[in-house]
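Below is one structure, written out as structure tokens, with a few remarks after it.
Just so it is clear, none of the values below were taken in a lab; they were calculated from the coordinates. Computed from a predicted model, the values in this text were never measured in an experiment. FYI the Cβ positions are ideal-geometry reconstructions off the backbone, even for glycines, and counts take in every protein chain you see.
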Amino acid sequence: HEADAYRTDLMTITRFVLNEQSKYPESRGDFSILLSHIVLGCKFVCTAVNKAGLAKLIGLAGETNVQGEEQKKLDVLSNEVFVKALVSSGRTCILVSEEDEEATFVAPSKRGRYCVVFDPLDGSSNIDCGVSIGTIFGIYMVKDDHEPTLDDVLQPGKNMLAAGYCMYGSSCTLVLSTGEGVNGFTLDPSLGEFILTHPNIKIPKKGKIYSVNEGNAKNWDGPTAKYVEKCKFPNDGSSPKSLRYIGSMVADVHRTLLYGGIFLYPADKKSPNGKLRVLYEVFPMSFLMEQAGGQAFTGKQRALDLIPEKIHERSPIFLGSYDDVEEIKALYGAESKIK
Ligand code: P6P
């Protein structure tokens, strides 16, 4: 009857978060309500992305539909859905989206205590070839009850209360941490519910995969070049690492989290701060990696210690298995973290 028990004892993400919340009797359920609106956004995007595959047939995502209306591009559509869902939750006061140049300050009547930073559809250039893409998000609490300002979102990543991503691929998988480990949920479309499928994810301490765009090798700095060389021609008799690079951060990070290894988007001569954005790409993925027992480094410091000055600023990032990141830190001359 084991199987039956499993089928009836469904651990949905909503129930999971409510269980977590019950550990904080004083909490008023605001976080659970906020999260349920983020989950709603992910379900919508999952549906739209899956339909986008039929874009040419049914006129979506940048095509003109049968009425000849110009359909919104999927990332614009996704952004609107998340902004509307987050504002309507009544639990947010500042939103920062990769799609919007300026931060959104929620009207006082709908204002809550949380700030959400997100990339509604990261990797969207990969939609047309069917590569997995995703939503990435991080959640801060406002610093105090004063009128909200950008300072409430220009906080180091270590101040995040929660972070996660939803990957739209062969299945729709939502990976979340509220600061007590990492859990993965898979959308059961027949129920319209995210079910716990990957409880307490821990990244292997060391991996056999490195993930970087080798096409930028000409512009890498010394330590990165040396590290990648070591991956390909190890001088300690170990076997070379495999290269896996999908070019969609959510997909590359998800594989790194589950299989181990290291994901790198280094600085290079053309882009001294690398390409990935601090608030809604580097911080959430670094938060998850640390919660799963891995680590994340910018080339200069622990990624989560970085204090952003602009909401769309970028940073180089090296994240993944603890031992693999230690190696790159040594090459950058960074002291290893005192355990
Ligand atoms: P490159 C996608 O455009 C993205 O923002 C991330 O999802 C991905 O990791 C990165 O850029 C890929 O960049 O320069 O290797 O194509």
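Some observations on this one:
- 30 Å Cα-Cα threshold exceeded, pairs from 202/241; 143/208; 84/158; 158/202; 232/269; 23/51: 143/208; 23/51
- Filtered trypsin sites (Lys or Arg not before Pro), region 264-337: DSSP coil and at most 11 other beta carbons within 10 Å: 269, 270, 310
- Two-site label geometry, residue 225 and residue 100: point separation in nm, points 7 Å out along Cα→Cβ: 4.3 nm
- Model label zone, residue 88; criterion: amide N under 19 Å from point 7 Å along Cα-to-beta-carbon; scope region 31-52: 31-49
- Each DSSP beta bridge with both residues in the chain is either parallel or antiparallel, and the antiparallel ones are about 80%.
- Net length gained if the chain between residue 18 and residue 233 were fully extended (0.36 nm per residue, minus Cα distance): 72.5 nm
- Exposure proxy for 283, 185: other Cβ atoms within 10 Å of each Cβ, ordered fewest to most, give 185, 283.
- Cα→Cβ-extended label distance, 7 Å offset, between residue 110 and residue 270, nm: 3.9 nm
- Label-point separation, residue 206 to residue 10 (7 Å along Cα→Cβ), nm: 4.3 nm
- Rounded, prolate or oblate (a/c below 1.5 giving rounded, otherwise prolate when a/b exceeds b/c) for region 110-244 by Cα gyration tensor: prolate
- Under-5 Å amide H pairs with residue 122, H placed in peptide plane, nonlocal only: 134, 135, 136
- In range of the label at residue 218: residues from region 239-277 whose backbone nitrogen is under 14 Å from the point 7 Å along Cα→Cβ: 269-271
- Magnitude of the charge dipole for the chain, about its Cα centre and with charges confined to Cβ atoms of Lys, Arg (+1) and Asp, Glu (-1), is about 760 debye.
- In region 174-216, the GluC sites (Glu not before Pro) that fall in loop regions by DSSP, at most 11 other Cβ within 10 Å: 180
- Shape category assigned to region 273-339 from the gyration tensor of Cα positions, a/c cut at 1.5: prolate
- By the Cβ distance rule of under 4.7 Å, the chain has these cysteines without a partner: 93, 115, 129, 231.
- Order of 289, 141, 249 - criterion: other Cβ atoms within 10 Å of each residue's Cβ, fewest first: 141, 249, 289
- Residue-span extension gain [residue 170 to residue 305] - 0.36 nm each, minus C-alpha spacing: 45.1 nm
- Here is how the number arises for the chain: DSSP H runs of 4 or more residues each give -39500 (n - 2.57), the sum is divided by the residue count, and the result at 222 nm is -9000 deg cm²/dmol.
- Listed by chain and number, the lysines placed with their C-alpha closer than 16 angstrom to that of residue 310 are 275; residues fewer than eight positions away on the same chain are left out.
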